[in-house]
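Written below as structure tokens is the structure these notes are about.
The values are calculated or read from the model by the stated rules, or taken from the named source; none is laboratory data. The structure displayed is predicted, hence computed values, not measured ones. For neighbour counting, all protein chains shown are included, and Cβ atoms are generated from backbone atoms with ideal geometry for every residue, glycine included. Areas reflect the complete protein model, heavy atoms only, side chains present, ligands, DNA and RNA absent. Shrake-Rupley method; radii C 1.70, N 1.55, O 1.52, S 1.80 Å.
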Amino acid sequence: MAENLKGCRVACKSSWSQLQTLCRLERVACKELGITKKNLNDFEVEYLCDYRKTKISQKNIQQVKIGRTCTLDTIAKFIKSKKEREFFLVKWKGYPESENSWEPLRNLRCLKILKQFREDMQRELRRRKLRRSPKRLDHSVASFLAQKAKQRLRLQRWEADLNKTRQHRGRIFVLNEVDLDGPPRDFTYINNYKVGDGIVLNEVAVGCECADCFNSPVNGCCAGTSLHKFAYNDRGQVRLRAGLPIYECNSRCSCGPDCPNRVVQKGIQYDLCIFKTDNGRGWGVRTMERIRKHSFVMEYVGEIITSEEAERRGHIYDRQGATYLFDLDYVEDVYTVDAAHHGNISHFVNHSCNPNLQVYNVFINNLDERLPRIAFFATRTIRPGEELTFDYNMQIDPVDAESTKMDSNFGLAGMTGSPKKRVRVECKCGVETCRKYLF
């Protein structure tokens, strides 16, 4: 029996950092974990939660708590100096808060954490109009800084989870310098539509046979066989009028992944940041890179539900003041996308009466015109750091019969009945042409 177990391995339930902490507690060196005799006494700082300045002297030597890296020899050296020394209250990674200890600046090697703590401290002192260089922090200030540090850790973990889940090239960053709100609750990041009960996405049966879809399209490529125009130029920018559909090459096509008619399906290409707005609009999204005019930015992804289910959920969201329903009404109002609890980064994009994103209906592996994919393209060049927005009640000018097919009623899904019965949502986009209300 023992022979059958040869070479078997059982996964350890403890994390790498937990095992490192255990080694230091037991004072055991472990080459595999990177714990050596030289760094055996190096404990990792999780965050800093208080600050003070003090003079080390014989009178107050007994008041200084000896920490994990603060020895009697170190304190003896401080006694020789009459200068003020900076001390920080340290929360050690892997230890409860009861083990927090005051450490002198010279013992701390966490430069990034130190810099962030000083920035948070100065920002809070300015906000409260307090002295910029205090000898010790007020208890309420120290409490806020500890909460801010904990919040930042939660957001960092959420950011890591988002980037672990994403299937697109563009990275996701998370930033909140406004309040102490952490990651949203009951939200799952997804990359593609989540199909609701009773809904079927039919896989496309045919594809194009082009050797070069852009320069030598056979029968007009996928768009031509659907009696529509090729959507993109040679740089992947959309060249169709808003309201016209986009037909991309699909899984049945003979062209490869680098085909110029595969843009939306490649996913988000830009680094984007989910940030907390400072004017009461909740979370928003800004770009970290320059986005060219007419370039694809992101899809609106969520759960596909029927209009009947959307009406039921719409009444609930209406009472909550939430807006996550997007009608798929390219040809008829049958289905709706709900991104309230399952969605991608578009879940956090805010409304503007003068937006920099335009909605297009896209068809790739599913040609059911009742179930288009919703893609956002830039209406103009968007600078790094600029917030991304779209019009929640976007109307397409009826230039021709084709363009009247698209009517983006985001957030109005499920809100049936007289307009007088609807809860009017105040618009806070701040542009000169603001309509004052979203709906």
Inset, instruction - For Val195, Val359, write out the residues from largest to smallest accessible area, computed with a 1.4 angstrom probe and no ligands counted. - result: Val195, Val359
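Rolling a 1.4 angstrom probe over the protein heavy atoms, how many square angstrom per residue are accessible across segment 256-324? Kindly include the intermediate steps, with their values, before the conclusion.
Values: 2950 Å² over 69 residues.
In whole numbers, segment 256-324 has 43 Å² accessible per residue.
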Inset, instruction - Would you please give the residues with an amide H less than 5 Å from that of Arg136, counting only those at least 5 places away or on a separate chain, with H modeled from the backbone geometry? - result: Lys53
Inset, instruction - Give, rounded to the nearest 20 debye, the magnitude of the charge dipole that segment 138-225 has about its Cα centre when Lys and Arg contribute +1 at Cβ and Asp and Glu contribute -1 at Cβ. - result: 440
Inset, instruction - With a 1.4 Å probe and every protein chain left in place, tell me how much accessible area Trp102 has, in Å² to the nearest 10. - result: 40
Legend entry - From phi via Karplus (6.51, -1.76, 1.60), per-residue ³J(HN,Hα) for segment 167-184 in Hz, x at Gly/Pro: 10, 10, 5, x, 7, 10, 10, 10, 8, 9, 10, 9, 8, 9, 5, x, x, x
Inset, instruction - Report relative contact order for segment 79-166 in percent, whole number only (criteria: Cα-Cα under 8 Å, sequence separation at least 6). - result: 17
Legend entry - Rounded to the nearest 20 debye, dipole of segment 201-339 from Cβ charges on Lys, Arg, Asp, Glu: 720
Inset, instruction - Just the number, please: carbon plus sulfur as a percent of the accessible area of segment 116-188, 1.4 Å probe, no ligands or DNA/RNA counted. - result: 47
Legend entry - Glu209 accessible area, assembled protein chains, probe 1.4 Å, Å²: 150
Inset, instruction - Please report how far the C-alpha centroid of segment 174-213 lies from that of segment 342-397, rounded to the nearest whole angstrom. - result: 13
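Which whole-number percent gives the relative contact order of segment 304-400, counting Cα pairs below 8 Å spaced six or more residues apart?
Values: 124 pairs, mean separation 24.7, N = 97.
Value for segment 304-400: 25 percent.
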